[in-house]
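Report on the following structure.
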Amino acid sequence: MVVDTAMYTVHTALSALWTGSVLFVVLAVLPLAMDGDVSPDVLGRVVSTLQWVTRASALLTLLSGGYLAVTGGYTVDRLTGTAGGYLVVAMVLLWLGLAAVVEVGSARAQRGIDERKIREPARDARPFYLAAVALSVGLLVVSGLLGMPPAFRVRSQFPQTSASRSSKYAAGSASSGNGRTVGDSPVTGVPQSARSGAADSQRWTGGRNQ
């Protein structure tokens with residue numbers, strides 16, 4: 001239990017760090033670089049830091065996520081045949097896509113930075129970093145869906161259960177009205193066997209009186 005909690009905490013924290021780093025670079029640093037308000041050295045340090053955060057987070061989230069999937073009972077059949085399994089597969093695909101676009105965007109930016117440029121590398125990296133933002137948001141959404149408390153999933157099934165019981169009750173009432181013996185009486189709740197026994201007793205008593 002302690003190990004599972006620790007793994008879940010590490011997995012969630014690294015996902016938040018990774019996506020937060022991408023959002024910070026795209027929303028705060030990249031516009032300044034495109035305007036030429038930061039030096040190549042500063043942009044180079046930011047890009048390099050983002051690369052290392054991406055690599056470390058990708059590796060550790062893979063290990064922690066794999067542990068959680070195995071201990072959570074995600075077999076091949078469950079991954080390919082249940083809603084939770086589809087979410088896990090979607091998370092892996094988003095994870096791979098995020099790591100790829102950050103690496104490609106950072107590599108393009110770094111080439112221009114090495115030539116002491118600032119605006120051009122920022123523009124070259126921007127499409128890939130914007131794709132990384134979209135993938136980051138998708139990763140957070142899928143993580144939230146996978147972490148949904150079981151109580152919400154149970155409550156969402158209650159209307160179906162009630163409807164199923166109502167259908168069975170209506171079927172039983174209709175069958176009783178057609179003269180067939182079906183379970184308990186829909187009005188009094190008295191078993192059909194007990195009501196049949198009472199009717200036989202009345203017929204037997206009436207015969208003796210006659």
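At 7 Å along the Cα-to-beta-carbon direction for both LEU32 and MET1, put a label point, then send me their distance in nm to one decimal.
About 4.7 nm separates the two model spin labels.
Could you run the Karplus curve 6.51 cos²θ - 1.76 cosθ + 1.60 with θ = phi - 60° over the range 22-39 and give me ³J(HN,Hα) per residue in whole Hz, x for Gly and Pro?
5, 5, 5, 5, 6, 8, 10, 8, 4, x, 5, 5, 5, 8, x, 8, 10, 7
Quick check: net charge around TRP52, other residues with Cβ under 15 Å of its Cβ, Lys/Arg +1 and Asp/Glu -1?
Values: positive: ARG45, ARG55; negative: GLU103.
Here the charged neighbours net out to +1.
Debye sum, Cα scatterers, the range 2-147, no solvent: what log₁₀ I/I(0) at q = 0.11, 0.12, 0.17 1/Å?
One equal scatterer on each Cα of the range 2-147 leads to -0.45, -0.52, -0.87.
Rule-based calculations on the coordinates, nothing more; no lab input. Just so you know, these numbers come straight off a predicted model, no measurement behind them. With ideal geometry, Cβ positions are generated from the backbone for all residues, glycine too; neighbour counts draw on all protein chains shown.
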